[in-house]
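Notes follow the structure.
Bear in mind that the values in this text are calculations on the coordinates, not laboratory data. Remember, it's a predicted structure, so these values are computed and weren't measured experimentally. Ideal geometry is used to build each Cβ from the backbone, glycine not excepted, and the neighbour counts take in all protein chains shown.
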Amino acid sequence: MSSRGFTQTYYEILELPMTAQQHEIVAAYQKAKEAYAADSPALYTMFTRDEAIELRKLVDEAYLTLGNQSKRREYDQSITNRRQQPEVNA
């Protein structure tokens, strides 16, 4: 996922394996929301305000995708397709 300057997959954002169960996704989302909360002092020592906002958006996007079975299947397929495509060096 290269959106907004971050290159992690939704699984990496939520620190989950692709085999994660639904309850693990929910728990990881809750943990990430706490870690990236607006009032987290550690967050602002690592990221700019704008980056922190984008991270919170990505956490929400990750949860909305992985937490929905049909969206998750589509997302998993897109990851598989990207990994199977050969890299093109310009």
Tilt relative to the chain, helix 22-35 - C-alpha long axis, 0 to 90 degrees, to 10 = 40 degrees
For the peptides 36-44, 59-67, 21-29, what is the packing order when you average, over each peptide's residues, the other Cβ atoms within 10 Å and list the highest mean first?
-> 59-67, 21-29, 36-44
Restricting things to alpha carbons, tell me how big the chain is in terms of Rg and Dmax, in Å.
-> 14.3, 43
Estimated 222 nm signal from helices in the chain, with DSSP H stretches of n ≥ 4 weighted -39500 (n - 2.57), rounded to 500 = -20000 deg cm²/dmol
For the chain, find the longest principal axis of its Cα atoms and tell me its angle to the long axis of helix 69-84, 0 to 90°, nearest 10.
-> 70 degrees
Using θ = phi - 60° and the Karplus form 6.51 cos²θ - 1.76 cosθ + 1.60, what ³J(HN,Hα) does each residue of region 47-58 get, whole Hz, x for Gly and Pro?
-> 9, 5, 4, 5, 5, 5, 4, 5, 4, 4, 5, 5
